[in-house]
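Nothing in this text is a laboratory measurement; each read-out follows from the coordinates by a stated rule. All values derive from a computational prediction rather than experimental measurement. Don't worry about glycine lacking a Cβ; one is built from the backbone with ideal geometry, like all the others, and counts go over all protein chains shown.
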Amino acid sequence: MLRGGLIGCGFFAANQLHAWHDIDGVEIAAICDTDPARLAATGDQFDIAARYTDAAAMLTTERLDFVDIATTPPSHRALVELAARHRVPVICQKPLAATFADARSMVATCDAAGVAMMVHENFRWQAPIRALRAAIDAGEIGTPFFARLTFRSGFDVYAAQPYLAEGERFIIEDLGIHVLDIARFVMGEATTLFCRTQRVNPAIRGEDVATILLGHGDHATSIVDCSYATPIHDDPFPQTLIEVDGDRGRLRLEAGYRLTVENRERIVTRDVAPPLLPWAEKPWHGIQESVAAIQRHWVECLATGREPATSGHDNLRTLALVDAAYRSAAEGRAVDVER
Ligand code: NAD
Ligand code: 89V
C-alpha cells in the first residue's frame with residue numbers, strides 16, 4: 001500500500017482526496033493545512049486521523065511514499081523543496097510557481113535529490129481531449145496544420161476561488177496554462193507566440209481575457225483564446241472547445257462533448273462525454289474525472305519508474321508559454337518561446 005500525504009485542504013483538494021480514495025493500493029495517510037478549521041473538516045470528511053498544521057512536521061513524523069501539494073501557488077516552491085529534502089516523490093498543483101525561474105529551480109532541486117516530480121496538470125487527461133488526440137493519432141485527419149482552443153465563459157469562478165480576483169496575473173496563469181498545455185499536447189511544441197490581454201471585469205485585479213497566437217515551428221499554427229468575461233446563455237464552463245484542421249480532414253470538439261470528424265467524403269459525430277464519477281458534480285465532472293486519471297497515472301509511474309507525462313521537466317515547456325504570453329502582452333509584440 002502506497003502512503004501519501006496531502007498538503008492543502010482547500011477547494012480543489014477534495015477532488016484529489018476522493019480520487020485517491022478510489023485508487024487501489026493507495027491511502028492518504030496524513031493531511032496538512034495551516035488552517036486548523038479546514039484541516040479538521042477535511043480530516044473528518046475523509047476519515048484521516050493524522051493531521052498537521054506544519055508540513056515539515058508531517059514529513060518528519062510520517063513515513064510517506066509521496067506528497068501531494070494542493071496549496072495555492074505562493075507556497076509551492078518551499079513545499080516542493082521540503083519534499084525533495086526528505087527524498088519523497090512529489091506532485092504539485094499548477095501553476096508550479098509564480099515565476100519561470102522558480103519553477104526551473106524546483107525541477108533542478110528534485111533532479112538533484114533524485115525524486116520523481118509531477119505537476120498536477122490534469123486538463124489534458126480529460127476524456128474528450130484524449131478522444132480528440134486519439135483521433136489525430138489514428139490518422140483520421142492527416143497532419144494537423146491549424147488548431148483553435150477556446151475556453152470562453154462567464155462562470156463566477158471567484159466564488160469558490162476568491163484569490164483569483166486578487167492577483168496581478170489571472171487568466172493566463174490560472175486557466176490559460178491548462179489550455180496552453182492542451183495546445184502542446186495536441187499540436188506539439190510552440191516556438192513563437194503573440195498575446196493580447198484585456199481586463200473586462202473592473203472588480204478584479206488581473207487580466208480576464210487573453211488571446212494567444214502560437215507558431216509551432218514551420219508546420220502549424222494555433223490560437224488559444226480564454227475569457228472569464230463572456231456572458232453566455234448555456235455556459236459551457238469548464239469545457240475546452242477545440243477545432244483542428246489537418247491536411248486530410250477536420251476535428252471539432254464542441255460544447256456538450258460532441259466530437260465531429262469530417263473530410264470531403266463523410267462527417268461523423270461521436271459522444272465523448274466524460275463519465276460522472278459517484279462523487280462528482282456537474283459541471284465539474286469532466287475535470288474531476290481527469291483528476292482520477294492523472295492520479296492513476298502517477299501510481300503507475302511510481303510502480304514502473306516511468307517519467308510522468310506532466311513531469312516537472314514537461315511542465316517547464318508549458319510554463320515557458322505562460323511566461324512568453326505575459327512577455328508578449330507587456331511588450332506588444334511577438335516573442336520567441338524560451339527553450
Ligand atoms: P484554496 O485556497 O481553496 O486551498 C488552499 C489551501 O492550502 C488552504 O486551505 C490553505 O490554508 C492551505 N495552505 C496554504 N499554504 C499552506 C502551507 N504552506 N501549508 C499547508 N497548507 C497551506 O485553493 P484551491 O482553489 O484549492 O487551489 C489550490 C491549488 O489548486 C492552486 O494551485 C490552484 O491553481 C489549483 N487548482 C487546480 C485546479 C485544476 O483543475 N487542476 C482547479 C482548481 C484549483
Ligand atoms: O484550474 C483551475 O485552477 C481552476 C479552474 C478550472 C476553474 O480554472 O481555476
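Let me spell out the model: positive unit charges on the Cβ of Lys and Arg, negative unit charges on the Cβ of Asp and Glu, origin at the Cα centre of the stretch 191-339. What dipole size does that give, in debye rounded to 20?
Here the size comes out at about 40 debye.
Let me make sure I get this right: for the stretch 177-330, a, b and c are the square roots of the gyration tensor eigenvalues over alpha carbons, sorted descending. Under 1.5 in a/c it's rounded, otherwise prolate if a/b > b/c, else oblate. Which is it?
rounded
Return the long-range amide H neighbours of M117 (sequence gap of 5 or more, or a different chain), with a cut-off of under 5 Å between placed amide H atoms.
When sequence neighbours closer than 5 places are left aside, the close amide H contacts are V90, G312.
Quote to one decimal, in nm, the extra length available between A138 and R248 on full extension: 0.36 nm per residue of separation minus the C-alpha distance between them.
Extending this stretch completely gives an extra 38.4 nm.
Neighbouring Cβ atoms within 10 Å as the yardstick, rank H219, H21, H86 fewest first.
Numbers: H219 11, H21 14, H86 18.
Going from least to most buried by this count: H219, H21, H86.
Only counting other Cβ atoms within 10 Å, I'd like E121, E189 sorted with the fewest neighbours first.
Values: E121 27, E189 14.
Starting with the residue having the fewest Cβ neighbours, the order is E189, E121.
With unit charges on the beta carbon (Lys/Arg positive, Asp/Glu negative), name the residue among V119, V291, T143 whose Cα is farthest towards the positive pole of the charge dipole of the chain.
Looking along the dipole axis, the top candidate is T143.
Residue by residue through the stretch 321-331, what is 3J(HN,Hα) from phi via Karplus (6.51 cos²θ - 1.76 cosθ + 1.60, θ = phi - 60°)? Round to whole Hz and write x for glycine and proline.
For the stretch 321-331, the Karplus-derived couplings read 6, 4, 4, 5, 5, 5, 4, 5, 4, 5, 8 Hz, x marking Gly and Pro.
Quick one: angle between helix 285-304 and the longest Cα principal axis of the chain, in degrees between 0 and 90, rounded to 10, please.
The two axes meet at around 60 degrees.
Give the long-range amide H neighbours of L2: residues separated by 5 or more places, or on another chain, with amide H under 5 Å away, using H modelled in the peptide plane at 1.01 Å from N.
V26, E27
Go ahead and run the numbers for FRET between D44 and D235, Cβ-Cβ distance against an R0 of 41 Å, rounding to 0.05. Walk me through the numbers on the way to the answer.
Details: r = 33 Å, r/R0 = 0.81.
That gives a FRET efficiency of 0.80.
For every other residue with a beta carbon closer than 14 angstrom to the beta carbon of G4, add +1 if it is Lys or Arg and -1 if Asp or Glu, then tell me the sum.
That sum, taken over residues with Cβ under 14 Å, equals -3.
Amide H neighbours of T221 under 5 Å, at least 5 residues apart or on other chains, H built in the peptide plane: list them.
Distant-sequence amide H within range of T221: F146, A147, H216.
Counting other C-beta atoms within 10 Å, which of W20, W298, W279 has the fewest, and how do the rest follow?
Arranged by neighbour count, lowest to highest, W20, W298, W279 become W279, W20, W298.
Count the net charge of all other residues whose Cβ sits under 13 Å from the Cβ of G206, scoring Lys and Arg as +1 and Asp and Glu as -1.
Summing Lys/Arg as +1 and Asp/Glu as -1 gives -3.
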